[in-house]
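Below you'll find the structure, written out as structure tokens, and then a few comments.
What follows draws every value from the coordinates through simple rules; no lab data is involved. Here the structure is a predicted model, which means the values were calculated and not measured. Cβ: placed from backbone, ideal geometry, glycine included. Neighbour counts: every protein chain shown.
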Ligand SMILES: *Cc1c(COP(=O)(O)O)cnc(C)c1O
């Protein structure tokens, strides 16, 4: 089932790549495996997936040792500064950086681990009260403050678009995130690149790809609905 789901999602990705006149090799599918057991992740791995997204430090720690070491683990959820130390040597990329304080802690732990951690700046593109992320108008200032930190490298932007039944509703938000990345690129800030746009989930990843996504984060579309009661 998981294998078929992945094939289905990839077909939709190809269609969106064509429709948006994008380059196929710049779109990467992240399998969002939060709440799902290791057996299901292994199934996705065997079907070719190597990028997995999780939103809890504890869960990454539990799954990390039980699965192959060539998996790229993406932290996509809100991250508390006191937990960064547990994943600094494990995580491939952190998508959810929205404060200087968090970036400073990631940098500190990365230096300790002898590496530079790629990060994305999470932007609350629709200005939703319930969402994490920096306001679009504050993104550049935050990025300028993070740029000198030795242990992190800003690679782009991430957003969680509003929940909607009609993915077309989010097109303007995806377009706005793309435009923000273009604006920030034009500032030529040292140490900063904006090549990565992490946007689009099960309900709207095709629209996100048409508008420039390079990472799409798909959970339900691969693993089925989440059951938080038993998860
Ligand atoms: C859970 C989650 C996803 C995946 O959501 P689906 O709708 O199941 O595809 C993507 N991004 C973030 C940040 C998430 O927390």
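Ordering 121-133, 194-206 by mean Cβ neighbour count within 10 Å, with the highest value first, yields 194-206, 121-133. Distance between the C-alpha centres of region 4-75 and region 108-182: 20 Å, rounded to the whole angstrom.
Contact order, relative form, for the chain: 22 percent (alpha carbon pairs under 8 Å, 6 or more residues apart, mean separation divided by residue count).
Can you tell me the FRET efficiency between residue 227 and residue 38 if r is taken as the Cβ-Cβ distance and R0 is 22 Å, rounded to the nearest 0.05? Please list the in-between numbers first.
Numbers: r = 16 Å, r/R0 = 0.73.
About 0.85, to the nearest 0.05.
Give the relative contact order (percent, whole number) for region 97-231; include only Cα pairs under 8 Å separated by 6+ residues. Once divided by the residue count of region 97-231, the mean separation gives 21 percent. Take every pair of alpha-carbon atoms less than 8 Å apart whose residues are at least six positions apart; their mean separation over the length of region 160-231 yields a relative contact order of 29 percent.
Write down the Kirkwood hydrodynamic radius of region 84-231, to one decimal in angstroms, obtained as one divided by the mean of 1/r over all alpha carbon pairs. Walk me through the numbers before you get to the answer.
Working: mean 1/r = 0.0629 Å⁻¹.
Radius from the Kirkwood sum: 15.9 Å.
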